[in-house]
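No lab work stands behind these numbers, since they all come straight from the coordinates. Predicted model, so just to flag it, every value in this text is computed and none were measured. Cβ sites come from the backbone with ideal geometry, for glycine too, and all protein chains shown count toward neighbours.
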């Protein structure tokens, strides 16, 4: 396995140690070790059903691991709820966009804004409008979220995650079902947010987009991590080629 | 336009305040019962319409609040306001317990669980004959010792105003936003930092408290409590009132309850056919106006208002 080009000096944001999850008799994630440091932009790839989304679900409190430990800022986070992970500045988007459909775009943004401790309406509204402006959605703030286009829904979901002021953001298939122009727009947005100091873990099947975006690639197959390194290192990894070839 | 709205509001207030002087004793009783149903329906709308928790056991909390107050007043000589407050507290605690127990339940499972709770409570009341009076009923001290029902009307009106005011304030607060987020998507709400468990339990406790308050008022007005108050039939009536009015608006649900109670009584001469008509109205609402008939009416009034304000373009 290739070594990961981690930013050794940067503080650890989130870490999985021996993370395991099974659904009935199926082992979805098997003793996974994964660490994300401040400022990293990590791509998490692998064939369908290899356990990427399950990993994200565990690392954001949406699924309880069967075994293993999760640390956020070097502090144990085992058994915490999804809202507790959000409060610890761990944000996420979903594989299938999950919005509050019959609430307005602005209200979608205000939910995480006001869920933060000591947040005020004025402050949350101001931050929401700033993020909507950044995402190019400010003209739609009164529209019900269900009436947005698929691409706009993806952007709104990203915006909602940004309202948590996350230090690490897990994006589950942000480019799925998105046209090439919007895909490029999302890449630019992620790069800008990364430049501000946020860390990302991006899961997607669009290998070209992932290669353009990330510094580090983690590859999973059959629930286990099979490679962790730079794009170049992973590209030449025989085990990765075999996994994608289905051997 | 603004002056017309103010004029209409003032006229409505005068009509509502003068109502006991304008109608006979029968219609005053109907109005008091309508106020009771309005509080129950609004609190159910808070739970089901805003937070998406489709409970079918809300009338059980009305019953619990009524019996708690009635028993404390009759057995321990507690003043009625304290008895009613105890009923509210009891409903808050049991409501929180039900909310916590139902955390993993959605849709039909939650409805079935709450129906079962409702029936269990009703059967306990029937069975504990020595304490509750069983099917024969429990006689309860009236709230006012007057010949006229007017004090009940004004008290009910005040209870409705305060309850509705508190519920409106709640749904406009951040808690209301979180309730709606949970209704829309619990997983997304959790990812957005909303403490889903806490708010699901809270909405059950709060809405049950209002149901308990209405129950206490009902018991001390009617003067006799029977287990049927918490029956599934009664619950069906409350759901129908909320759905016809509009379960996702507290105002629509409240007005829906007031109008439905008045309609059911106005059609009394048609005997069982009035319930058929009521059922048909419910079916039409569900088929053609899922947000309630009043929501449609509000929308039409708004559009008409806009047309009145915005001048039409001159045709060439």
Using a basic spin-label model with each label point 7 Å from the Cα along Cα→Cβ, how many nm lie between residue B:27 and residue B:145? 3.2 nm
Among A:150-159, B:139-148, how do they line up by average Cβ neighbours within 10 Å per residue, starting with the highest? A:150-159, B:139-148
Give the Kirkwood hydrodynamic radius (Å, one decimal) of the range B:70-206, defined as one over the mean of 1/r across all pairs of different Cα atoms. 17.9 Å
If you stretched the chain out fully between residue B:173 and residue B:251, how much longer would it get, using 0.36 nm times the residue separation minus the C-alpha to C-alpha distance? 26.4 nm
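Shape call for chain B from the C-alpha gyration tensor, a ≥ b ≥ c root eigenvalues: rounded (a/c under 1.5), prolate (a/b greater than b/c) or oblate?
Note, shape of chain B comes out oblate.
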Quick check for you: which residues of the range A:215-229 have the amide N under 13 Å from the point 7 Å beyond the Cα of residue A:10 toward its beta carbon? A:215-217
Taking 0.36 nm per intervening residue step and subtracting the Cα-Cα distance, what contour gain separates residue B:135 from residue B:283 on full extension? 50.0 nm
Enter the mean number of other protein chain beta carbons within 10 Å of the beta carbon of each residue in A:192-202, as an integer. 0
Semi-axes a, b, c in Å (a largest) for chain A, each sqrt of 5 times a Cα gyration tensor eigenvalue, come to 29, 20, 17
Rel. contact order, % - alpha carbon contacts under 8 angstrom, at least six apart, chain A: 28 percent
Across all directions of projection, what mean area in square nanometres is found for the Cα convex hull of the protein assembly as shown? 33.9 nm²
Using a 10 Å cut-off around each Cβ, can you sort A:170, B:218, B:199 from fewest to most neighbouring Cβ atoms? B:199, B:218, A:170
Remind me, relative contact order of chain B in percent, using alpha carbon pairs under 8 angstrom and six or more residues apart? 31 percent
Take every residue in peptide A:79-87, count the Cβ atoms of other chains within 10 Å of its Cβ, and give the average of those counts. 5
Quick one: if you take sqrt(5λ) for each eigenvalue of the C-alpha gyration tensor of the range B:1-144, what semi-axes come out, biggest first, whole angstrom? 32, 25, 13
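For residue B:89 and residue B:302 in the same chain, what is the full-extension length gain: residue separation times 0.36 nm, less their Cα-Cα distance, in nm?
Numbers: separation 213, 0.36 × 213 = 76.68 nm, distance 3.98 nm.
72.7 nm is the gain from fully extending residue B:89 to residue B:302.
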Using only the alpha-carbon atoms, how far is helix A:180-195 inclined from the longest principal axis of chain A? Give it as 0 to 90 degrees, nearest 10. 90 degrees
Listed peptides A:57-66, A:84-93, B:111-120, A:23-32 by packing density, highest first (mean Cβ within 10 Å): A:84-93, A:57-66, B:111-120, A:23-32
As I understand it, the value is the acute angle between the Cα axis of helix A:105-115 and the longest principal axis of the Cα atoms of chain A; what does it come to in degrees, rounded to 10? 70 degrees
Applying a 10 Å radius around every beta-carbon, put B:282-290, A:106-114, A:134-142 in order of their mean neighbour count, most first. A:106-114, A:134-142, B:282-290
Nearest-ten-degree value, helix A:150-162 long axis tilted from longest Cα axis of chain A: 90 degrees
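Can you give the average number of partner chain beta-carbon atoms within 10 Å of each beta-carbon in peptide A:182-189, as a whole number?
Per-residue shielding by partner chains comes out at 0.
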Which value in deg cm²/dmol, rounded to the nearest 500, describes the helix-derived mean residue ellipticity at 222 nm for chain B, given -39,500 (n - 2.57) per DSSP H run of n ≥ 4 and division by the residue count? -25500 deg cm²/dmol
